[in-house]
Amino acid sequence: MKRNSLSSFYVSLWLLFPAAILQAVDSAKGKYAHMLFNELFEDYSNALRPVEDTDKVLNVTLQITLSQIKDMDERNQILSAYLWIRQSWYDAYLKWDKDKYDGLDSIRIPSSLVWRPDIVLYNKADDDFSEPVNTNVVLRYDGKITWDAPAITKSSCVVDVSYFPFDSQQCNLTFGSWTYNGNQVDIINSLDSGDLSDFVEDVEWEIHGMPAVKNVITYGCCSEPYPDVTFTLILKRKSSFYIFNLLLPCILISFLAPLGFYLPADSGEKVSLGVTVLLALTVFQLMVAEIMPPSENIPLIGKYYIATMTMITASTALTIIIMNLHHCGSEAKPVPQWARVVILDYMSKIFFVYDVGENCTSPKRVKEEERKLEGDDGCQRRHKEVRSHLSNRNDDCDLKEKLNGNLSKSYGVHGENVRETVNCCSCYKMLIKNIEYIANCVRDHKANRAKGIEWKKVAKVMDRFFMWIFFIMVFFMSVLIIGKAA
């Protein structure tokens, strides 16, 4: 029993011995770190450039990592991005022999204790001029300092919305020293482009690259060169949201405009449909105007809205003119000969327009119209026969009057028969006049009715003509905007 307890005791000692050694090493390293910190910063000043020779250039290596796009404000032309900014340089006064400090090769200290380059974002568009995030820096034994600091930047970006919502944007992020010129602090690209390995995918934009270019610019105020590094963020808009919420409703609404010509003129809704469609497009146009910057470059979808609204305005005006043609009555002039030939003879056949109340699937109606015409011809023939018969009777009455007059003069008899004959002839004359008046009225009514029917057919042919014209215009405009998007 004692042997087992002794063996377990030795085993526990054997396991705890390495942990104790590691703890002692860590405590020893912590001791050396304090000693190193006190010795390094005893006479150190972070106010001056850390070079032994003032004529020597201090090289600062810059690396930008794009983490997330916070917002793209097209109206104010501001890009908000979440960046990780890494800067590294060598401090000539912060070096040590790591063997002297038990192999301690690096320490982490607050960045405010060391000299830092005043590299800022040149095209900053934020009202907040606060200091960078005061994160720790990593200090190595050879004097290399690495400073990683997160930052949410708001930079100005020239937004070109000519092809919105199928546009691509290029936003520049220009970093450079604010006070040091190129002879004092030089900026070196760590990579040929920004780091996108940790980028969080955005719901609106696709990242197609972030190339970096170093520029050396001599400004008018100073003769010294000022280097900077410009990162160009290439963005491609994801247009699905705008297609389904702005473009597709506009296309569907624009196809309603030509259907106003197909609507019957007697329905009284032709003009109302055009005005309703125009108001709907105006609402969408205002929505686009609220997003876009007030610039001279009109976006592609805005041009489509304007073209569609112009087309709907023209269709509404044409509808009003055609309705006036449709409601031409008996007071209107007859259809001109050229319109009768071009519109009623040729265009009506091209656009399959038939007489009012007739269509291509009702041949019985055509036969009924022919029968009516035949009936009218028969009535006219019977009317002529009656008139000829009455005229003959009238001639007989005239002849009898002459004979009876002669007889009355000769013999003085048949006076009563003569009066009856004269009265009968006067009745026939009144009947003929009444029949002629009725016939003239019927003839005038049919002529006026035929005139109105012709104008209605002209209006119907023009409706069909403009309907197809506007359908073709809407189709080509839709294809054009989709083609430009591709």
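The values are calculated or read from the model by the stated rules, or taken from the named source; none is laboratory data. Here the structure is a predicted model, which means the values were calculated and not measured. Don't worry about glycine lacking a Cβ; one is built from the backbone with ideal geometry, like all the others, and counts go over all protein chains shown. Calculation scope for accessible area: heavy atoms of the full protein, side chains included, ligands and nucleic acids excluded. Shrake-Rupley method; radii C 1.70, N 1.55, O 1.52, S 1.80 Å.
A compact table of results
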item: Cα centre as origin, Lys/Arg/Asp/Glu Cβ charges: the range 31-237 dipole, Debye; result: 160 debye
item: Accessible area (Å², 1.4 Å probe, nearest 10) - ILE472; result: 90 Å²
item: Cβ-based charge dipole, the range 31-237, positive-most Cα from VAL200, ILE187, VAL161; result: ILE187
item: SER295, SER254, ranked by accessible area, largest first (probe 1.4 Å); result: SER295, SER254
item: With every protein chain in place, the range 31-237: carbon and sulfur % of accessible area (1.4 Å); result: 47 percent
item: Calculated FRET efficiency for the pair SER295/LEU252, C-beta based, R₀ 25 Å, to 0.05; result: 0.30
item: Residues of the range 31-237: accessible area per residue with a 1.4 Å probe, Å²; result: 52 Å²
item: Candidate residues GLU206, GLU290: accessible-area rank, largest first, probe 1.4 Å; result: GLU290, GLU206
item: FRET E, pair TRP178, SER272, Förster distance 60 Å, beta-carbon r, rounded to 0.05; result: 0.40
item: Solvent exposure, largest accessible area first (probe 1.4 Å, DNA, RNA and ligands not counted), of HIS34, HIS326; result: HIS34, HIS326
item: Nearest-10 value in Å² for the accessible area of CYS222, using the 1.4 Å probe; result: 40 Å²
item: In Å, descending, principal axis extents of the Cα set of the range 31-237; result: 64, 40, 30
item: Computed accessible area, PHE351, all protein chains, 1.4 angstrom probe, square angstrom; result: 40 Å²
item: Student exercise, the range 199-298 dipole from Lys, Arg, Asp, Glu Cβ charges, in Debye to nearest 20; result: 180 debye
item: Links that overshoot a 23 Å alpha carbon limit, given the list LYS333/LYS460; LYS333/LYS457; LYS154/LYS238; LYS56/LYS154; result: LYS56/LYS154
item: ASP118-ASP97 pseudo-label distance in nm [points 7 Å out on the Cα-to-Cβ vector]; result: 3.8 nm
item: Potential lengthening between HIS327 and LEU196 on full extension [0.36 nm per residue; Cα-Cα distance subtracted]; result: 40.2 nm
item: Total charge dipole magnitude, the range 42-97, about the Cα centre, Cβ charges on Lys, Arg, Asp, Glu only, Debye to nearest 20; result: 320 debye
item: Mean Cβ count within 10 Å, highest first, over the residues of peptides 263-269, 312-318; result: 312-318, 263-269
item: Charge context of PHE231, other residues only, Cβ under 12 angstrom, K/R +1, D/E -1; result: -2
item: Inter-label distance, nm, simple model (7 Å from Cα along the C-beta direction), SER168/ILE469; result: 4.0 nm
item: Whole-Hz ³J(HN,Hα) from phi, Karplus 6.51 cos²θ - 1.76 cosθ + 1.60, for the range 244-261, glycine and proline x; result: 7, 10, 10, 7, 4, x, 5, 5, 5, 5, 5, 6, 7, 4, x, 5, x, 6
item: Extension gain from ASN245 to TRP84, taking 0.36 nm per residue of separation minus the Cα-Cα distance; result: 54.5 nm
item: GLU206 versus ALA125: modelled label distance in nm, points set 7 Å from Cα along the beta carbon direction; result: 2.4 nm
item: Kirkwood-type radius of the range 63-152, with distances r between different C-alpha atoms, in Å; result: 15.2 Å
item: Stretchable slack from ARG75 to VAL133, in nm (0.36 nm times residue separation minus alpha-carbon distance); result: 18.0 nm
